[in-house]
1. Explain nothing, just the number: relative contact order of chain B, from Cα pairs under 8 Å at least 6 residues apart, as a whole percent.
2. Mind giving me the nanometre distance, one decimal, between the label points for residue B:281 and residue B:59, set 7 Å out from Cα along Cα→Cβ?
3. Relative contact order of chain A, please, whole-number percent, based on alpha carbon pairs below 8 angstrom and at least 6 residues apart.
4. Nearest 20 debye, what's the magnitude of the dipole of the protein assembly as shown about its Cα centre given +1 on Lys and Arg Cβ and -1 on Asp and Glu Cβ?
5. Between residue B:123 and residue A:124, what's the calculated FRET efficiency when r is the beta-carbon distance and R0 is 45 Å? Round to 0.05.
6. May I ask which residue of B:309, B:117, A:130 lies farthest towards the positive end of the charge dipole of the protein assembly as shown, with charges of +1 (Lys, Arg) and -1 (Asp, Glu) on Cβ and the Cα centre as origin?
7. Using +1 at the C-beta of Lys and Arg and -1 at the C-beta of Asp and Glu, which of A:145, A:182, A:166 has the Cα lying farthest in the positive direction of the dipole of segment A:136-198?
8. Please report the base-10 log of the normalised intensity I(q)/I(0) for the protein assembly as shown, using a Debye sum with one equal scatterer per alpha carbon and no solvent, at each q in 0.07, 0.09 (1/Å).
Amino acid sequence: MFQVNALGKACPLPVIETRKALKEHDTVQTLVDNKIATENLQKMARQLGYSYSMTEDGPAHYTVVIAKGEQTAAVPAPAAPSRAVKDDSYIVVINSPTMGTGDETFGRTLLKNFIYTLKEQDVLPDMMIFYNGGVPLVTDTSDSLDDLKELAAAGVQIYACGACLNYYGLTEKVAVGEITNLYRIIEILRTANRVVRP
Amino acid sequence: MNDNQLVVCGGCNAKIGAGNLGPLLRDLPRRESPDLLVGFDGADDAAVIRLRDDLALIQTVDFFPPMVTDPYVFGQIGAANALSDVYAMGGKVLAALNIVAFPEEQDFGILRDILRGGAEKVQEAGGLLSGGHSIHDRTVKYGLAVTGTVHPNRILHNDACVAGDHLILTKPLGVSILTIGYSAGEISKEGFHQAVDSMCMLNSYAMDIIRDAGGVHSCTDVTGFGLCGHLHEMLHGACSARIDAAHLPYFEEAYWGAGHFIFTAGGQRNRDFLQDKVVFERNDFALEEIVFDPQTSGGLLVSCDARQVPLLLARLQADHIPAADIGVVTEKKEKEIYIV
């Protein structure tokens, strides 16, 4: 039987080394010097659907045996964060009161039509993020308020930058969506499948 | 590892488990005083002693072994973590003393960097670094004894939540999984640095806003016992809580790590102590690990009247504090914490 000697090694190393050994071997025996490490090995075995047994050999000596044999059917590996999955999902960023550059009045009309037309898409965005010049669109005087409320009702998460609202004195006037911070916005932009900017 | 780096061994993961500590403390001799406003009894974040009707002193001490290899960063994190206990009581930092254990044979340049990192955080907190104590020891340890002030009527206890309150958490969870996983070579540099930035951030900015908010009933900082451990203390056997997993702030890569067997000793100790108090209504093993993950210099956990929550959250977020409304305090139920 393949043995991992993890005596004197702190968590998470006993688990990591045992996990690596299990990629090459069907049964792995691991020696550890503390009870918490045996519990962490048991957690891993349970998540993988493998069998687990433990004997306490002495005050700081435990022998754990993990075997693949007992596996029933295919046990799913722990799910990766679903947000990492690439698909046809997208988010929309609106950071100005206009769509494109050019005549300002026309740009505002275009943006209003963009949001209206967004509702008709086969796939709606997961989220809409509003920052800087975009934040007035989520307030109570926005021309697009009804369209955004419809999108929100259809499950689109609408977020507006809190610092931006504060800067423009609009924090109390938000009429749709949630206020969020730059930290979260960066996280959303960083992990989004695709980002659409009108 | 090169010579001017530290050996990593745990941060708040090194904290002695709550289950082991309680019985020990009960037997200590002590003198009673009406001016000891917060002492051992409530397991609060710091001691509070009334000096005058309008002034109380906050005293707290915190130190631990390194959780990062960079001595300067370790100093910053150790100090931010120790200072946080004053903020968790609703107070302001007045002064701090260094506590240092350092091996005789190690390069003193390392110690200078640790102390510089710590001193910068004390300065940022507006505190006076006024001395300290250092000994030789086999392993490095660093922290602060911190003195703060608070009005006796404005102390934020860690066990004063009220059913109906919302719970606000001001930093993402998962820093132990990220830092320990990084040391083991299983977490990216990017993930590690996210944890470091979060641990270095003082809770003073959040507390400056929370202190002025209405309806705040209770506050603590989330450290070694993890979210569930500190929430357990806040519920003080009188309430239960429902945590909305979808709103729980955590580092994406910590969640990934938890699902890929980055299990810390401290996290498992917390699970052992708390698992019969917590109900997971969704099948999400990685999330279980996140709520038991010990935090070093974690965020503030605030219990606040529901009507005040939107304004408080907006103010925190406008100040770039990654605060989230994570759930509600309820009447006491069969179990304490329900993760839904």
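1. Values: 813 pairs, mean separation 78.4, N = 340.
Once divided by the residue count of chain B, the mean separation gives 23 percent.
2. 4.5
3. Details: 328 pairs, mean separation 33.0, N = 198.
It comes to 17 percent, rounded to a whole number.
4. Numbers: 45 positive and 67 negative charges, 44 e Å.
Roughly 220 debye, rounded to the nearest 20.
5. Numbers: r = 49 Å, r/R0 = 1.09.
After rounding, the FRET efficiency stands at 0.35.
6. Result: B:117.
7. About the Cα centre, the residue reaching furthest to the positive side is A:182.
8. Calculated log10 I(q)/I(0) at the listed q: -0.44, -0.73.
The values are calculated or read from the model by the stated rules, or taken from the named source; none is laboratory data. Since the model is a prediction, treat every value here as computed from it, not as a measurement. Please note: Cβ atoms are built from the backbone with ideal geometry, for glycine as well, and neighbour counts cover all protein chains shown. Side chains included, ligands, DNA and RNA excluded: accessible areas come from the protein's heavy atoms. Shrake-Rupley method; radii C 1.70, N 1.55, O 1.52, S 1.80 Å.
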